[in-house]
Structure formats: structure tokens, C-alpha cells
Amino acid sequence: MSNDKNINASEDISIAGTIKMLLGFVWKLDKVYYPILALLSISNAANTVLNIFIPKILIDGFSKDWNLTTFISVILTIAAAKFLLLQLKAFAKRQDDIHRAMLQAKFPMEFAKKVMAIDYANLEDAKVLDLKERALFPLTNFGALLQMLSSAVGFFTSLFTLVSVAAILANFSLVFTIVIAVLTLVALILSARFMNVLKEVTETIIPINRRYGYYTQIATEPRFQKEYRIYGMHTLMMKKINSYTEEIAVWLNNIYTTQGNTETTQALLTGITRFLTYSYVALRVLSDQFGTRIGLGDFSIIIGATESFANSFRGVVMDVVTLGQTISYLKPFCQFMSIPDTLMESGAKEIEALETLSFNNVSFSYPNTDKIILDKISFEINKGDKISIVGLNNAWKSTIVKLICQLFEPDSGRILWNGIDIREYDYKAYIDEISCVFQDFQLFPFTIRENIDTEHAMLNAEEGDYENVWKVLDDVGIKKEVEALPRKLDTYLDKSLYEDATDMSGGQKQKLAIARTIYKKADLVILDEPTAALDPLAESEVYENFNELTQKKTSIFISHRMSSSIFCDKILLLQDGKIVAFDSHKNLMNGDNLYRELFEAQASNYRG
């Protein structure tokens, strides 16, 4: 596990580095794509070049007085070549569409895997979270990956075509070829300027568009609808959406105005290019004053080659510019994917059953802050102990849990499992010995069984451990509710995805989360304040039930209320980042300390 708490999320990656990473990702996710890209580009270019030569072949045939048999055989040969090329092109295009769609789906999957693989501490770092948003936005909102792949196809198609027609034109007249290239280049400079303006304005509009997308999304989410109605928040929401809509409208107006002016100038240059082309080539047909006289077949091929030269030249440059833009948009993606994975530095020791868990002078502060959250704290928990961690709000009780779970690492000091630093153990084996219901616990849009029996679900086992799942549901007091469902354990938990899913109450979800924790059969179980929204009596019932279910386990309870303290062996009292007491409820109540003040204050409130 990485111990670098201040990863520079804004560290730049060069264009070359970004291109290398993107090419590597494409190769890793779909090794067939590059041959498909080459096949599509070559077939497109070959089709264009064949189209240029067809008129010359037919015109020359007329001038050479081909007989009907020769003429028909030539037409059939051309038709066959054209048919084969079109079939090849269609096949390559279908494959390109399929594989691009696959890549478009796989890139966000790789991104999701990365989010789940990096140190959890990074996900509480504002800079990393901002980078995460900037990395995902071009993929999901701009289609930057598809644009990059499309531009790559266009670039190689234009490049292959350009090389072919440039050879034809240079053989006709090198000076003429240079003049056409200069005129095309002028038009391209105008296009490049427009693309530059577009890039600058797009970079400005990205945060606005991101906010617009966020507000339009939450405007339709069910969880916000009650507040919209009760507090009239819908008016403020629409005001914000409209303000961003107006900003986007101004942006679009500027873009389209600049684009219109650019296209008008380009059309003028295209007209001049065509006038010069037709005039010069016509003069070469009519006389030999400006060079060797040519026939009508050569006239047709030079006109076609000139059009293709200008288009392919423009295509090469514009696709390079577009590639540069999309690659710059995808830079944050590559930056995020460069963050080291958590498991890269996992230890190798085999873990044994828990005998002692101890903190030895552990200090901790959050990434990119100097504030000390925990200051040289030391304590020891023995096998079978029930420990309650209490303190005022923002006493960083949950931080201790995150350190135990290796979601964070100490700045200094060590956390020891049976006297051995937890970082020396194999990470997965260590985590298998810990089970926790977090304050913000999550149930997933899977079936009830899959949420609890994750091991069999991951193995795609159809049978599963139904007997023990039912037992643990019975233990936490929710078996009857699950039995009443039509699909019982195979009921999904998200109605927005599955029509036959069920919506459970907050209390039922808590019981399922506790069932998942108990089912894991870990040595250390933790209840990290998941009942904050419950009333004191309901919370006390949950903690007492959890205590019964974990009688033979080492357990840690965290609550802002004192309902878990009475039945615990010891209370760990936190204040200002330090441990100010670590004793039994009875002993602490006999002394003059913060714990007694908190307990008596809550008791008087409940009596009142």
C-alpha cells in the first residue's frame, strides 16, 4: 500500500506520454483494433484512388476505339474491383463500429477498476476527486475516445490518399502541385485558427457544462423531489439551470459565428483553387504552350486528383488538430490512471486468528492538510473484547476504523495485529479478517443473496450458501420479511433497474448490512455509527442485538450516543486527537471526565 499521502493530482503528463498511454490502453483492451484501423484506412484510400482512375480508363478506351467485347470486359473488371473494394470497406467499417463501441464501453470499466484499486485516502483528497471528475467527463459527455478513434481513421485514410494523388499530380506538374498545396495550406491555417478558438472556448465551457449536467440530472432524481415540493427548491433549481443554459448559448453563438466566417473564407479559397485547376488543365488539353499536351483522360484524372489532394491534405491536418484536441481532453484520464494501485505494495505474511490488536504511538493527518487528527495514540484490544469508541462530534472516531481497515495509513507509529505491523500481512488475507458496517454503508443493486453471500456470487455459483444466509437473516430479525417476497433471496434491491425489485426501509437495509457483516465470519467486527438516523430506543436495540450476535468475536462499537457503552468491556474516549481515557463504563462513571458528562447529558435529555 502506498504511503505517499500527497500525490500530486495535477502533475502534468506530456503529449507524447498521453499518446503512449492511450495507445497502450487500446492495445490492452482490444488487440484486434489496430489491424482493423489499417484495413479500413487502406480500403477507403484505395476506393478514392480507383474512383479517380475510372473516368480516364473509359475515356481512353473511347479514344482508342475499343470494340464492344473489350469495352465490356474492362467495365466488368472495374465493376468487380469496385465491388470487392466496397465489400472490404463495408466489412472494415462494420468491424470498426463494433470494436469502437466495445472500447467506448471498456474505457469507463477500466476507469472504475482504477477507482476501486487506488488508495482509499486518495478518494478523500479534493485534488484527486477533481481529477477524477475531469478524467471521466470527456469520456462520458464529450465522447472524446470515439472522436479520437474516428480522427485516427480519418488521418490514415487521408494520409494514404494524399501520398497516392500527390504522386499523380507531381508527375503532371510539380509547380502546379506546389500552388495547389499552398492554397490548401492557407485554408488549413484558417481552420487551425478556428480549432484553436474552439479548444480555448471548450476548455472554458467544460466546468459550466459539467455543472449544467449535474443540475439537470439531480432535477429528475426521486431523492430530491420532496424538498423541491416542500421548500419550493424547484424554482431555484430551474434558475440555476437557465443561467448555465444562457452561458452555453452565448458560447455556441460565438463558436458558430467564428465557424461561419471561417467556412466562408474557405469556400472562397476553394473556388479560387478550382478555377485555377480547371483553367490550367484545360489549357494543357487545348495546347502545349504551358507544358506537354494532355488528353481528355488525363484531364479527368488531374481534376479528380486535385480535388482529392486538397481534401486529403485538409483531412490530414484537421485530423491531426482534432487528435491533438481529444488527446488533451483525455490527459486527465491518463493522469488518473497513473495513480499507483493500493495492492502494489501488499505484504506477504500469512495472517493468524486475532489475539491482540494494538495502536502504538499512531499519528495521522488527512492528505494535503497539516492538522493532526490523531496524535500519538496507543491502546490494545484483546481477543473477545467489546470496545466502544466515544467522543464529541468530529473526534475522528471513524478515522480509527479506517486506519484498522487500511483505508488510510498512519503518518507515524504502527498498528499491530498479534504484534506484527498490519502492512506486513497479505492485504487480501488481512481484510478477510475484518467485517464492518460503516456509517454510510451501501447495499448494491444486486439480489439479497448476492449482497450477503458475496463469495458465491463472485464465483457465479447458482447453489450458493442458502442455509447460512437464511440463518443470518433470522439472527438479525429480517427473515420473515424476505420470505414474504415473491423471489425471496433472489429479489433485487433497486426498483430503478429491475421491475420486480423491492424497496426496503432504512431499518431493513441496516439489518441486511449487519447480516452481511455477521455472515463474513471475520475475527474483528466493527459497527461504525450506521444508526445515526434512528431514534435512541431503535439504536439501542440494534446495538444490543449486534452485541448478542458477536458474543465470541472481538468487536468495536462507535456511536455518538452512549447506547453501546454500557455492555462493552471498555470505553475508548477521544478528545482533541488524543485518548483521554480507556476504561470500563463503571470506572468512568465514578470519575470526573468527559465521558460522564456526555453520558449524563444524554440520559437527562432522554428522560426529558
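The values are calculated or read from the model by the stated rules, or taken from the named source; none is laboratory data. Fair warning: this is a prediction, and the values are worked out from it, not measured in the lab. FYI the Cβ positions are ideal-geometry reconstructions off the backbone, even for glycines, and counts take in every protein chain you see. Just so you know, the surface numbers come from the protein's heavy atoms only, side chains and all, with ligands and any DNA or RNA stripped out. Shrake-Rupley method; radii C 1.70, N 1.55, O 1.52, S 1.80 Å.
How about the stretch 286-311: which of its residues are more than 30 Å from LEU145 (Cβ to Cβ), part of a helix (DSSP H, G or I) and open to solvent by 30 Å² or more (accessible area, probe 1.4 Å)? Walk me through it before giving the result.
First, pick out the residues of the stretch 286-311 that are more than 30 Å from LEU145 (Cβ to Cβ): 286-307, 309.
Those left that are additionally part of a helix (DSSP H, G or I): 286, 296-307, 309.
Selection gives LEU286, LEU296, ASP298, PHE299, GLU307.
The rows are residues; the columns are (1) open to solvent by less than 30 Å² (accessible area, probe 1.4 Å); (2) touching a strand residue (DSSP E or B) at 6+ places or on another chain (Cβ under 8 Å); (3) in contact (Cβ under 8 Å) with a residue 60 or more places away in the chain.
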residue: ASP125; (1), (2), (3): yes, no, yes
residue: ARG134; (1), (2), (3): no, no, yes
residue: LEU139; (1), (2), (3): yes, no, yes
residue: ALA144; (1), (2), (3): yes, no, yes
residue: SER151; (1), (2), (3): yes, no, yes
residue: PHE156; (1), (2), (3): no, no, yes
residue: VAL163; (1), (2), (3): no, no, no
residue: PHE176; (1), (2), (3): yes, no, yes
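Can you tell me which residue within the stretch 544-596, out of those that are among the aromatic types (Phe, Trp, Tyr) and not in a helix (DSSP H, G or I), is surrounded by the most Cβ atoms within 10 Å (Cβ to Cβ)?
So, considering only residues that are among the aromatic types (Phe, Trp, Tyr) and not in a helix (DSSP H, G or I), the one surrounded by the most Cβ atoms within 10 Å (Cβ to Cβ) is PHE557.
Quick check on the stretch 68-77. Is at least one of its residues assigned to a helix (DSSP H, G or I) and in contact (Cβ under 8 Å) with a residue 24 or more places away in the chain?
No, the conditions are met nowhere in the stretch 68-77.
Taking the stated definitions as given, is ARG314 among the basic types (Lys, Arg), buried (at least 18 other Cβ atoms within 10 Å of the Cβ) and either modelled with pLDDT under 85 or under 38 Å from the mean Cα position of the chain (by Cα) (or both)?
Yes; evaluated as a whole, the condition is true for this residue.
If you check THR265 against the conditions, is it open to solvent by less than 30 Å² (accessible area, probe 1.4 Å) and part of a helix (DSSP H, G or I)? First the steps, then the outcome.
Numbers: open to solvent by less than 30 Å² (accessible area, probe 1.4 Å): no; part of a helix (DSSP H, G or I): yes.
For THR265, the condition - open to solvent by less than 30 Å² (accessible area, probe 1.4 Å) and part of a helix (DSSP H, G or I) - is not met.
Do any residues in the stretch 412-438 that are among the basic types (Lys, Arg) have Cβ atoms under 6 Å from those of residues that are assigned to a strand (DSSP E or B), where the two are at least six apart or on different chains, and which pairs are they?
ARG414/ASN360; ARG414/ASP421
Determine, yes or no, whether GLU380 is in contact (Cβ under 8 Å) with a residue 40 or more places away in the chain and charged (D, E, K, R).
Criteria not met by GLU380.
Of the residues ILE180, ILE218, ILE272, only one is modelled with pLDDT of 80 or more, open to solvent by less than 60 Å² (accessible area, probe 1.4 Å) and hydrophobic (A, V, I, L, M, F, W, C); which? Show your work before the answer.
Values: ILE218 fails: modelled with pLDDT of 80 or more; ILE272 fails: open to solvent by less than 60 Å² (accessible area, probe 1.4 Å).
Within the list ILE180, ILE218, ILE272, the selection yields ILE180.
Starting from the stretch 583-594, take each residue that is at positive phi and list its partners that are in a helix (DSSP H, G or I), counting only C-beta distances under 6 angstrom and pairs at least six apart or across chains.
So the pair list comes out empty.
Within the stretch 21-58, can you find the residues that are open to solvent by 60 Å² or more (accessible area, probe 1.4 Å) and farther than 20 Å from VAL316 by Cβ?
TRP27, LYS28, LYS31, VAL32, PRO35, PHE53
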